[in-house]
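The values are calculated or read from the model by the stated rules, or taken from the named source; none is laboratory data. From a predicted model like this one, the values you see are computed outputs, not experimental measurements. Cβ atoms come from the backbone with ideal geometry, glycine included; neighbour counts cover every protein chain shown. Keep in mind that these areas ignore ligands, DNA and RNA; they rest on the heavy atoms of the full protein, side chains included. Shrake-Rupley method; radii C 1.70, N 1.55, O 1.52, S 1.80 Å.
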Amino acid sequence: EVCRELWCLSKSNRCVTNSIPAAEGTLCQTGSIEKGWCYQGECVPFGTWPQSIDGGWGPWSIWGECSRTCGGGVSSSIRHCDSPAPSGGGKYCLGERKRYRSCNTDPCPSGARDFREKQCADFDNMPFRGKYYNWKPYTGGGVKPCALNCLAEGYNFYTERAPAVIDGTQCNADSLDICINGECKHVGCDNILGSDAKEDRCRVCGGDGSTCEAIEGFFNDSLPRGGYMEVIQIPRGSVHIEIREVAMSKNYIALKSEEDDYYINGAWTIDWPRKFDVAGTAFHYKRPTDEPESLEALGPTSENLIVMILLQEQNLGIKYKFNVPISRTGSGDNEVGFAWNHLPWSECSATCAGGVQKQEVVCKRLDDSSIVQNNYCDPDSKPPENQRACNTEPCPPEWFIGDWSECSKTCDGGTRSRTVLCIRKIGPSEEETLDAANCLTHRPIEKEPCNNQSCPPQWVALDWSECTPKCGPGFKHRIVLCKSSDLLKTFPAAQCQDESKPPVRIRCSLGRCPPPRWVAGDWGQCSAQCGLGQQMRTVQCLSYTGQASSECPETLRPPSMQQCESKCDSTPISNTEECKDVNKVAYCPLVLKFKFCSRAYFRQMCCKTCQGH
């Protein structure tokens with residue numbers, strides 16, 4: 001790939017590179033391009049100037065499974081920027097890659113377990129710091145509403161068991177908003193994600209606020225000796241209830257039923273500030289250290305309630321406000337009637353392959369047909385919601401795009417693939433696979449390069465040398481180089497991680513070495529040319545490497561000197577020279593006695609004495 005990295009042949013016939021691509025316009029060739037030139041690191045047909053292509057969104061995938069079976073879950077659909085994919089420096093697609101919609105919005109059966117409570121309970125059988133606990137949802141202050149924070153029942157601590165709750169979980173108990181991907185998303189009062197439908201002041205979804213009236217007042221009566229005193233009665237069906245002290249005091253707000261059963265702060269016992277589930281709604285009792293106390297509830301209430309005050313000092317005043325259902329009368333003295341009615345058919349839930357239309361049942365006034373809260377109508381006579389199939393014709397063929405596989409390599413350029421099928425939806429949960437030709441849009445890519453970044457340099461070890469020395473403890477050595485992942489380039493050692501460098505020397509042994517031994521040289525010449533003499537040789541103690549040693553046993557030392565005998569020349573002396581002892585030499589008998597006749601000088605001086613010896 002000359003356009004990505006230029007290699008040159010040096011004078012010493014070695015391939016070298018400095019990892020720089022060839023210049024723009026350099027001639028190149030590939031398997032599919034016979035003659036090309038380099039353009040932006042790629043080999044393209046000679047003379048062409050590829051233009052940048054901006055990415056385009058592919059089709060949306062089919063909607064996924066609903067996250068909940070009731071109570072308002074979500075399902076998702078994704079699309080990819082691959083029709084076409086951006087190339088040549090083109091822009092990536094702008095817009096939403098993943099979309100969500102509400103599903104299974106029908107209320108859960110009465111008595112069903114709270115969804116967040118179930119998620120906490122799933123951790124009951126998992127040890128936490130070596131112990132098992134029963135977990136309940138914790139929704140107090142200082143925690144993210146879409147994180148799964150659970151309180152250990154019977155213990156004074158909570159912990160985050162998961163960074164995000166399951167999609168479709170309510171952000172908090174007093175809101176319809178739900179968590180998606182760990183973030184709180186708005187839900188309308190019709191339980192539809194992103195809907196603008198709102199409750200009116202009477203808590204009627206999409207209502208005009210005409211079915212209730214506001215009750216507001218101020219209560220500041222006192223008892224001379226203290227005790228419980230009635231503040232206001234809250235009728236059944238009341239909504240947006242707010243009871244608040246005007247100033248801090250030692251008095252306490254209390255709440256009881258018509259039968260004198262106290263729910264909050266009864267029997268001269270003060271409850272801790274918290275949420276109380278009373279009369280079909282949640283009352284939030286607050287008593288801050290630096291503000292007056294309060295009691296609030298969204299409603300509607302399912303029974304008549306009485307707000308009390310436990311007086312322990314002068315009552316400085318309590319403000320109250322709430323909205324109560326209107327009990328209008330008709331032309332006579334009789335109360336207006338209410339009846340269940342079916343709304344018009346809703347839009348079809350799908351544009352093809354079979355959707356559903358619904359007719360919701362609502363409670364209406366008989367005099368003006370305005371929609372009111374359901375508790376005005378008899379729950380036992382409520383008719384079922386109507387439902388019918390719609391848009392049952394098959395959907396147009398579309399591409400099904402699977403998720404990308406893992407990249408085949410983590411660096412140096414791998415590939416990843418995905419499943420791409422031409423499908424047609426023929427029913428709410430039924431699809432058929434078609435030939436690719438049936439899908440008219442451009443086929444999304446099924447394979448693409450990935451992780452094209454270069455791998456970091458790595459250590460490459462050559463083969464070990466032989467063990468040196470040949471016996472006894474020694475070492476093996478090898479060369480370790482810092483190389484590119486394709487093994488074509490060698491880098492300075494500093495570019496590889498020193499802590500991961502393989503060893504360059506290890507200990508070894510080829511067995512015990514032989515002991516030192518005596519080594520004798522050749523014998524020298526005999527000291528006598530004729531007769532007996534001596535000859536010498538060198539004897540050394542050497543190790544197996546040839547080094548001098550002192551560890552050879554003396555008892556095994558070979559001799560370094562021995563007696564020798566040289567044959568005497570028996571050729572008679574010529575007559576020209578008479579063989580005689582020199583007169584002035586008197587020691588000839590001694591020469592013979594000490595066997596010096598073999599020496600030339602003494603043999604000449606004592607010729608007659610030495611003759612024959």
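When cysteine pairs in the chain are screened for C-beta atoms closer than 4.7 angstrom, the residues that find no partner are CYS8, CYS15. Rounded if a/c is under 1.5, else prolate if a/b beats b/c, else oblate: with a ≥ b ≥ c from the C-alpha gyration tensor eigenvalues square-rooted, which is the chain? It is prolate, given that a/c is not under 1.5 and a/b is the larger ratio. Across the chain, Cα pairs under 8 Å and at least six residues apart give a relative contact order of 6 percent. The helix-only estimate of mean residue ellipticity at 222 nm for the chain, built from DSSP H runs of length n ≥ 4 each weighted as -39500 (n - 2.57), is -1000 deg cm²/dmol after division by the residue total. Computed over protein heavy atoms with a 1.4 angstrom probe, the accessible surface ordering of MET605, MET308, largest first, is MET605, MET308. What you get for the chain, charging only the Cβ of Lys and Arg (+1) and of Asp and Glu (-1), is a dipole of about 5980 debye around the Cα centre.
Each residue of the range 418-427 was assigned a 3J(HN,Hα) from its phi angle through the Karplus expression (A = 6.51, B = -1.76, C = 1.60, θ = phi - 60°), giving 8, 7, 10, 10, 8, 10, 9, 7, 10, x Hz with x at Gly and Pro. Relative contact order, whole percent, for the range 39-103 stands at 38, derived from Cα pairs under 8 Å and 6 or more residues apart.
Greater than 21 Å separation of Cα atoms is the criterion. Which listed pairs, LYS567/LYS593; LYS447/LYS489; LYS256/LYS321; LYS11/LYS501, meet it? Pairs exceeding 21 Å: LYS447/LYS489; LYS11/LYS501. Take the range 32-150 with all the other protein chains still there, run a 1.4 Å probe, and you get 60 Å² of accessible area per residue. Here the dipole of the range 90-230 is about 920 debye; that uses its Cα centre as origin and unit charges on the Cβ of Lys and Arg (positive) and Asp and Glu (negative). Considering only CYS171, ALA147, ILE192, whose Cα is most displaced toward the positive end of the charge dipole of the range 145-214, charges sitting on Cβ of Lys, Arg (+1) and Asp, Glu (-1)? Selected residue: ALA147. In the context of the full set of protein chains, residues of the range 465-613 present 76 Å² of accessible surface per residue (probe radius 1.4 Å, heavy atoms only). Within 10 Å, Cβ to Cβ, of GLN170, how many net charges do the neighbouring residues add up to if Lys/Arg are +1 and Asp/Glu are -1? Surrounding charge for GLN170 is -2.
Would you mind classifying the range 79-225 by shape? Square roots of the alpha carbon gyration tensor eigenvalues, ordered a ≥ b ≥ c; an a/c under 1.5 is rounded, otherwise it is prolate if a/b is larger than b/c and oblate if not. Here the range 79-225 falls in the oblate category. Which GluC sites (Glu not before Pro) from the range 191-259 combine a DSSP loop assignment with at most 10 other Cβ atoms within 10 Å? Those satisfying the criteria are GLU259. How large, in percent, is the carbon and sulfur part of the accessible surface of the range 73-193 at a probe radius of 1.4 Å? So the carbon and sulfur contribution to the accessible surface is 49 percent. Among the chymotrypsin sites (Phe, Trp or Tyr not before Pro) in the range 84-147, which ones are in a DSSP loop with at most 14 other Cβ atoms within 10 Å of the Cβ? Mind listing them? For chymotrypsin sites (Phe, Trp or Tyr not before Pro) across the range 84-147 that sit outside H, G, I, E and B with at most 14 neighbouring Cβ atoms in 10 Å, the list reads TYR92, TYR132. Heavy atoms only, probe 1.4 Å: what % of the accessible area of the range 338-390 goes to carbon and sulfur, would you let me know? Within the range 338-390, the accessible surface is 48 percent carbon and sulfur.
How about the range 257-302: which chymotrypsin sites (Phe, Trp or Tyr not before Pro) there lie in a loop by DSSP and see at most 15 other Cβ atoms within 10 Å? Hits after loop and neighbour filter: TRP268.
Couplings 3J(HN,Hα) of the range 531-541, computed from phi: x, 7, x, 10, 9, 10, 8, 8, 10, 10, 9 Hz, in residue order, whole Hz [Karplus 6.51 cos²θ - 1.76 cosθ + 1.60, θ = phi - 60°; x for Gly and Pro].
Amide H to amide H distances under 5 Å link GLY317 with VAL246, where only residues 5 or more positions off or on other chains count and H is placed in the peptide plane.
Taken one residue at a time, the phi angles of the range 378-388 give Karplus couplings (6.51, -1.76, 1.60, θ = phi - 60°) of 6, x, 6, 9, 5, x, x, 6, 7, 8, 8 Hz. Gly and Pro are set to x. Put simply, the amide H of PHE400, placed in the peptide plane, has neighbours under 5 Å in LEU421, CYS422, ILE423, leaving out anything fewer than 5 places away on its chain.
Each Lys or Arg adds one and each Asp or Glu takes one away; over the other residues whose Cβ falls under 15 Å from the Cβ of GLU216, this sums to +1. For the range 470-601, what does the alpha-carbon gyration tensor say about shape, rounded, prolate or oblate, given a ≥ b ≥ c as the root eigenvalues, a/c under 1.5 as rounded, and a/b over b/c as prolate? Because a/c hits 1.5 or more and a/b exceeds b/c, the range 470-601 counts as prolate. A simple count of charges around ILE78, restricted to other residues whose Cβ falls under 10 Å of its Cβ and scoring Lys, Arg +1 and Asp, Glu -1, yields +2. Only Cα pairs under 8 Å and 6+ residues apart enter the sum, and on that basis the relative contact order of the range 73-193 stands at 19 percent.
In this structure the amide hydrogen of GLY72, modeled in the peptide plane, comes within under 5 Å of the amide hydrogens of THR105, ASP106, none closer than 5 places in sequence on its chain.
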